[in-house]
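The values are calculated or read from the model by the stated rules, or taken from the named source; none is laboratory data. On a predicted model such as this, the values are computed, not experimentally measured, just so you know. Note that we place each Cβ from the backbone using ideal geometry, even for glycine, and neighbour counts take in every protein chain shown. Calculation scope for accessible area: heavy atoms of the full protein, side chains included, ligands and nucleic acids excluded. Shrake-Rupley method; radii C 1.70, N 1.55, O 1.52, S 1.80 Å.
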Protein chains: 2
Amino acid sequence: MSMQESSGVALWRQVADGIERGIADGRFAAGEKLPGEMEIAETYRVNRHTVRRALAALAERGLVRAERGSGTYVEAQRLAYPLRSRTRFSEIVGAGGHEPRGQLIEAGEDIANREIARELCLKIGAPLIRIEAVRLADRTPICVSTTWLSAERFPDAGNVFANVHSMTKLLGHYGVKDYHRASTRITAAIADATDAARLDLSLGRPVLVVDATDVDMLDQPLVTKRSRFAAERVEFLVENG
Amino acid sequence: MSMQESSGVALWRQVADGIERGIADGRFAAGEKLPGEMEIAETYRVNRHTVRRALAALAERGLVRAERGSGTYVEAQRLAYPLRSRTRFSEIVGAGGHEPRGQLIEAGEDIANREIARELCLKIGAPLIRIEAVRLADRTPICVSTTWLSAERFPDAGNVFANVHSMTKLLGHYGVKDYHRASTRITAAIADATDAARLDLSLGRPVLVVDATDVDMLDQPLVTKRSRFAAERVEFLVENG
DNA sequence: TCAAGTTGTCTATGATACTAGACAACTTGA
DNA sequence: TCAAGTTGTCTAGTATCATAGACAACTTGA
């Protein structure tokens with residue numbers, strides 16, 4: 001018997017994703033015992049060895065734990081991430097009982113392409129500061145983001161961010177007392193090699209890609225950014241009404 | 001030279017995803033010529049044959065078109081999908097210049113688990129109608145959704161939906177004049193085999209998973225649903241303030 | 001016309017992925 | 001204690017993945 005789907009995704013990986021989805025949506029509760037390897041193999045119509053490889057991958061990521069002679073058990077949970085007009089990473093993570101951390105990867109200069117120029121109401125080719133940062137809850141990386149600011153309005157923003165480790169504090173440094181989210185666009189993709197490494201994700205894992213622009217109290221654009229969230233670690237909450 | 005990452009995702013697939021991302025975020029504009037196979041191979045540090053397999057996969061999905069002796073050219077676009085309090089699939093798709101279509105896959109009975117009971121303010125074990133449907137823009141499937149309604153309040157809802165092909169019309173049939181979105185939760189996952197087939201996606205493609213509950217004008221819950229959107233075909237827009 | 005650059009097709013080889021079967025090591029409950 | 005059920009480990013064979021090189025077929029621009 002053979003399974004040729006030729007999707008470019010290994011069978012063990014498909015099984016692992018299936019089990020992970022089961023964990024994420026509650027079919028397998030935390031602490032609960034998974035079905036036996038044989039039963040999983042029959043469910044997915046694959047060999048037991050293929051299931052073992054899937055479970056090994058999940059175990060390595062800390063989602064399950066195998067106990068010889070007994071069974072394989074679940075251990076996981078996702079971070080709830082509300083998308084509000086006032087979106088602050090530190091507050092959201094703190095509210096979830098975790099310690100928020102930010103880490104600068106790289107800061108440099110850039111020039112505005114058409115898209116960024118439109119978002120920030122600048123001219124194409126205008127000088128920008130580009131900040132690459134990773135944000136964590138406790139010791140788990142949650143997202144990496146690329147942030148662009150006008151280099152004219154926020155000179156030396158890269159160095160300031162390196163000191164304060166927070167976008168809110170950075171803006172405060174330039175006299176911005178408060179700001180809020182003007183637009184948010186969400187889609188999903190597969191993490192590229194760089195992001196996967198920074199998020200401590202294995203290759204091929206999905207990320208939620210969020211393009212957002214923050215404005216001040218007069219609706220003047222301040223910063224625009226593209227964040228990539230590890231899909232397996234967060235769940236966005238959109239609150240209407 | 002060798003590349004052993006052993007992520008469970010074939011190299012050609014990683015290259016294909018990388019190029020697709022480039023198309024999605026505008027690095028490669030529609031109609032534009034991609035870099036030559038040799039150049040792509042050098043970029044990703046893989047063999048030219050691996051690049052060819054990636055391009056073949058993209059060509060089969062209609063994202064690119066190869067012309068012998070000349071080059072490989074892009075052809076694609078994503079559907080903008082605003083997430084508002086008043087979210088109507090048909091209006092969104094229609095506004096984008098496409099023809100919205102809905103298709104019933106299956107309707108049946110179900111009983112409320114804890115999560116659904118909470119969303120619909122019912123007791124655990126309460127009888128439900130479960131509707132599986134796929135929704136398309138022109139002839140392209142955009143999302144599949146599983147919708148749950150109280151079987152007491154909406155008796156025979158499955159047959160009604162089969163006739164009207166629209167959730168808005170179904171609710172109208174029971175006297176609900178207007179409704180709006182109460183909560184929306186978004187995450188991403190890999191499409192399972194069933195969803196992949198229904199969305200005409202190859203295995204391993206990411207989907208945006210949306211859990212949402214609609215309420216009437218008195219904030220009484222009407223329906224709760226879990227939709228899976230083909231990530232490569234949509235882009236969610238969250239509009240704040 | 002022609003050279004340079006492009007995609008298309010062939011052969012070949014080694015590494016991984018998947019299947020298959022067998023048995024060991026261990027846990028649990030009767 | 002013991003049988004049934006669990007995970008862990010070994011061997012082997014087949015198919016797919018990825019690499020490598022060579023050359024054909026075709027397009028483009030000088």
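Couple of notes before you dig in:
- For segment B:216-230, the set of residues classified as on the phi > 0 side of the Ramachandran plot and β-branched (Val, Ile, Thr) is empty.
- Any chance A:Leu136 is in a loop (DSSP other than H, G, I, E, B) and open to solvent by 10 Å² or more (accessible area, probe 1.4 Å): no
- The number of residues in segment A:43-71 that are in contact with a Gly (Cβ under 8 Å, 6 or more places away or on another chain) and either away from chain B (no Cβ under 13 Å) or not hydrophobic (A, V, I, L, M, F, W, C) (or both) comes to 2.
- If you go through segment A:162-177 and keep only what is touching a strand residue (DSSP E or B) at 6+ places or on another chain (Cβ under 8 Å) and at pLDDT 90 or above, you end up with A:Leu171, A:Val176.
- Applying the set (1) surrounded by 14 or more Cβ atoms within 10 Å (Cβ to Cβ); (2) more than 16 Å from DNA strand C (Cβ to nearest atom) to A:Glu106 leaves exactly one unmet item: (1).
- For segment A:114-143, a residue qualifies if it is within 23 Å of A:Phe229 (Cβ to Cβ) and within 14 Å of chain B (Cβ to nearest Cβ), and the qualifying residues are A:Glu115, A:Ile116, A:Glu119, A:Ile142, A:Cys143.
- Segment A:16-41 - residue that is touching a residue at least 40 places away in the same chain (Cβ under 8 Å) and within 14 Å of chain B (Cβ to nearest Cβ) and, of those, surrounded by the fewest Cβ atoms within 10 Å (Cβ to Cβ): A:Ala29
- Qualifying residues in segment B:1-15 (those that are modelled with pLDDT of 85 or more and more than 7 Å from every other protein chain (Cβ to nearest Cβ)) - the one farthest from DNA strand D (Cβ to nearest atom): B:Val15
- Subset tally (residues that are surrounded by fewer than 19 Cβ atoms within 10 Å (Cβ to Cβ) and either within 7 Å of DNA strand D (Cβ to nearest atom) or small (Gly, Ala, Ser) (or both)) for segment A:49-72: 11
- Qualifying positions in segment A:73-82 - surrounded by 17 or more Cβ atoms within 10 Å (Cβ to Cβ) and modelled with pLDDT of 85 or more: A:Val74, A:Tyr81
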